[in-house]
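The values are calculated or read from the model by the stated rules, or taken from the named source; none is laboratory data. Nothing here was measured: the structure is a model prediction, and the numbers come from that model. Heads up, the Cβs are rebuilt from the backbone with ideal geometry, glycines too, and the neighbour counts pull from every protein chain shown.
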Amino acid sequence: MAIRSLQANKVRSFLTMLGVIIGVMSVILLTALGSGLQGYIVKQLENVGSNLIIVYPGKLDLKSLGQGGMASITSPKFVLKDANDLETQSQYIEAVVPSAVAQGVLKYQDQKTYTELLGLTANFSQVMNSPLASGEYFTESDDRSGRKVIILGSEIAKNLFGTEEPIDKKVVVNESRFTVIGVLKNRGVSGGQEDHVVIPITTEMHLFNQNKVFALYAKVINSNEMDAASADIKRILLGRLTEDDFTLLTMKDLLGAVSSILDVLTLALGGIAAISLLVGGIGIMNIMLVSVTERTQEIGLRKALGATPNVIMIQFLIEAVVLSVGGGMIGMLLGGGIALIMRLFIPTEVTLWSVSLAFSVSAIIGIVFGVMPARKAAKMNPIEALRYE
Amino acid sequence: MILQLKHVSKTYFLEGVEIKALDDVSVDVKEGDFLAIVGPSGSGKSTLMHLIGLLDTPTSGEVFLEGKDVTKMSETTLSKLRNEHIGFVFQQFNLLPRLSALENVELPMIYRGMKSEERHKKAKEMLDMVGLGERLNNRPNQLSGGQQQRVAIARSLVLNPLIILADEPTGNLDTKTGKEILEFLHKLNKEGHTIILVTHDSYVAEQANRHIHIRDGKVVSS
């Protein structure tokens, strides 16, 4: 009975459903986007290596990073020997790469770009999982002798050289001429591989007149022994430094921080979409109220023939729920479908919880927003309803 | 005595003004009666019909259905009593336009909670009886006025009620068709149905055996 009267007003029923369709669709789409992004970033971060421990200068609390708090960064106090110490004194650590950082201007012919220069040791490819697109890495002796060789990030190479082959070309870094020996592979978001360049750390410290190492990257032999390795690093560094001079970060910590930020993002996207779902619900209420008024005579007749107030109420409630659940199902299919198509271009991930949430919310909306019109119908006085024209 | 109204009054307030639609009216309806309630518009006959049809309750006085006082019953109980005991025939026919003749006749049985097979069977029988056995699946707008009123009569009869309450049943029909409907009601009365006819038309009222004339909310003769 309820479905029949919806069929009688096909266009109106569809337009009413549209509100819920769009609401459910956007909940599913936006959360799919959020979850997809999260999965993608996590995967990219894992690429860097789950058995990497990064030793940063100063004290920083990653847990408070999400809430916007980031504690003091003191000037770095590491020296090259620390890297060597960690490598030789801990049985858990396979290799350590010290890093120095500086900002610089990179010039090739009339092309010019500002970039971050990363000074690393020759074993960085082994520790930091940075494959080359072309060319080769520098060697330990290149580093020791402070040779002016440079490995470009993929974006930098593109900016400076365009389609030209960069290997063996000369670029100028802060008035010094460097030979390009390699180009890093583009790996997406993993720590900005694209827009920085790598040079031997000795060369960098010499060029920028630095005597301190900014951070240390330690590769742990077995990823099950991260905690033991962390403890070892702490113990060894405390021989020379204090607690406040350094912070250990593992990929797990980093993932946790990024995840918590993205969780908030996904929730916010879902919340925005939920508002449109609410608007859809109000649309249903509106149309049901119109429908009750329009069908005053019908309601009066049904009551005269023996329909109790409850029966009338249930009939109108069913109509509202059919509208909202119908809209919910169409929205689910559309949202899921579009998310799958979008997957070809950007990462999306349709999660079960978002689908079930959107669906149950649409059902609840039908009930909540259907109750008021349904009660209005149920309370109608049969005499006045029969007389109504 | 199947229906008794004892000293019922009904008062409305219209924009603060008290309107006495019925003033101390008593009516008895016996089984097999063909009763006409006659009066001009505004006389209070519609209000009386609403009380008889259990669509409304009086301001004072009592209404007894088969000896039971229904004056203070809840709306839900009244709905069930109407379903069981009263068959309505309206001036406007009041068929649901989206339903076929058969489905319209099934309506009261739905509210009774009968199974669909039984409903189909009974509704078909009733439409056969009113001479519309060939038009079961027609919608109201595909039927003439007289045919629509016969569907409404079939609907009123389908649960075999105590009383058939017809409110100006010929008001929207031409004279010839109106006559046919009245003859049909006559026939039903002969078969034992109790019929109450509400009308302002004295010709229509002549068909009945008993008459209650009502004017200004009071019974002037019966």
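Mind listing whichever residues of the stretch A:356-372 are surrounded by fewer than 19 Cβ atoms within 10 Å (Cβ to Cβ) and of a type in the set (A, V, I, L, M)?
Correct list: A:L357, A:A363, A:I364, A:I367, A:V368, A:V371, A:M372.
Can you pull out the residues in the stretch A:376-389 that are in a helix (DSSP H, G or I) and crowded, with 16+ Cβ neighbours inside 10 Å?
A:K376, A:A377, A:A378, A:P382, A:I383, A:A385, A:L386, listed by residue number.
Evaluate the stretch A:332-341: report whether one residue or more is β-branched (V, I, T), away from chain B (no Cβ under 12 Å), touching a Leu at 6+ places or on another chain (Cβ under 8 Å) and touching a residue at least 60 places away in the same chain (Cβ under 8 Å). Outline the logic, then answer.
Here is the first cut: in the stretch A:332-341, the ones β-branched (V, I, T) are A:338, A:341.
The next check asks that each one be away from chain B (no Cβ under 12 Å); those that pass are A:338, A:341.
So of that shortlist, the ones also touching a Leu at 6+ places or on another chain (Cβ under 8 Å) come out as A:338.
From what's left, touching a residue at least 60 places away in the same chain (Cβ under 8 Å): A:338.
Yes, the stretch A:332-341 contains a residue that is β-branched (V, I, T), away from chain B (no Cβ under 12 Å), touching a Leu at 6+ places or on another chain (Cβ under 8 Å) and touching a residue at least 60 places away in the same chain (Cβ under 8 Å).
Name the single residue, out of those in the stretch A:120-150 being surrounded by 19 or more Cβ atoms within 10 Å (Cβ to Cβ) and within 13 Å of A:V173 (Cα to Cα), that is nearest to the chain's Cα centre (by Cα).
Checked the stretch A:120-150; the qualifying residue nearest to the chain's Cα centre (by Cα) is A:I150.
Identify all residues within the stretch B:39-77 that are in contact (Cβ under 8 Å) with a residue 60 or more places away in the chain and more than 14 Å from the chain's Cα centre (by Cα); write none if there are none.
Matches in the stretch B:39-77: B:G39, B:P40, B:S41, B:S43, B:G44, B:V63, B:F64, B:L65, B:E66, B:G67.
Quick check on the stretch B:63-76. Is at least one of its residues more than 26 Å from A:A378 (Cα to Cα) and in contact with a Leu (Cβ under 8 Å, 6 or more places away or on another chain)?
Looking through the stretch B:63-76, at least one residue is more than 26 Å from A:A378 (Cα to Cα) and in contact with a Leu (Cβ under 8 Å, 6 or more places away or on another chain).
So which residues in the stretch B:185-207 are at pLDDT 90 or above, hydrophobic (A, V, I, L, M, F, W, C) and out of contact with any Pro (no Cβ under 8 Å at 6 or more places or on another chain)?
Of everything in the stretch B:185-207, those that are at pLDDT 90 or above, hydrophobic (A, V, I, L, M, F, W, C) and out of contact with any Pro (no Cβ under 8 Å at 6 or more places or on another chain) turn out to be B:L188, B:I195, B:I196, B:V198.
Restricting to the stretch B:83-128, count the residues that are closer than 21 Å to A:E298 by Cβ, out of contact with any Leu (no Cβ under 8 Å at 6 or more places or on another chain) and part of a loop (DSSP other than H, G, I, E, B).
Matching residues across the stretch B:83-128 total 8.
List the pairs whose first member sits in the stretch A:6-26 and is in contact (Cβ under 8 Å) with a residue 24 or more places away in the chain, whose second member is of a type in the set (D, E), and whose Cβ atoms are under 8 Å apart, counting only residues at least 6 apart or on separate chains?
Correct list of pairs: A:L6/A:E319.
Mind listing whichever residues of the stretch A:98-121 are out of contact with any strand residue (DSSP E or B) (no Cβ under 7 Å at 6 or more places or on another chain) and either part of a strand (DSSP E or B) or not charged (D, E, K, R) (or both)? First the steps, then the outcome.
Narrowing the stretch A:98-121 to residues out of contact with any strand residue (DSSP E or B) (no Cβ under 7 Å at 6 or more places or on another chain): A:109-111.
A:Q109, A:Q111 - these are the residues of the stretch A:98-121 that are out of contact with any strand residue (DSSP E or B) (no Cβ under 7 Å at 6 or more places or on another chain) and either part of a strand (DSSP E or B) or not charged (D, E, K, R) (or both).
Within the stretch A:1-97, which helices (runs of 4 or more DSSP H) (wholly inside it) include 3 or more residues that are at pLDDT 85 or above?
Numbers: elements: A:2-8, A:10-48, A:80-89.
Result: A:10-48, A:80-89.
Output the residues belonging to the stretch B:91-123 that are within 7 Å of chain A (Cβ to nearest Cβ) and over 17 Å from A:A307 (Cα atoms).
Within the stretch B:91-123, just B:R98 meets the criteria.
Residues that are more than 12 Å from chain A (Cβ to nearest Cβ) and in contact with a Gly (Cβ under 7 Å, 6 or more places away or on another chain): find the strands (runs of 3 or more DSSP E) completely inside the stretch B:17-79 holding 2 or more of those. Give the steps one after another, and end with the answer.
On the way: elements: B:17-29, B:34-38, B:60-65.
Per the criteria, B:17-29.
Show me the helices (runs of 4 or more DSSP H) entirely contained within the stretch A:235-345 in which 3 or more residues are exposed (fewer than 15 other Cβ atoms within 10 Å of the Cβ), among the basic types (K, R) and at pLDDT 90 or above. Give the derivation first.
Details: elements: A:251-294, A:296-304, A:309-342.
Because the criterion is at least 3 residues that are exposed (fewer than 15 other Cβ atoms within 10 Å of the Cβ), among the basic types (K, R) and at pLDDT 90 or above, no helices (runs of 4 or more DSSP H) in the stretch A:235-345 meet it.
Mind checking which pairs have a first residue in the stretch A:99-127 that is within 13 Å of A:M205 (Cβ to Cβ) and among the β-branched types (V, I, T) and a second that is modelled with pLDDT of 85 or more and assigned to a loop (DSSP other than H, G, I, E, B), Cβ under 6 Å, 6 or more apart or different chains?
Within 6 Å, the pairs are A:V101/A:F214.
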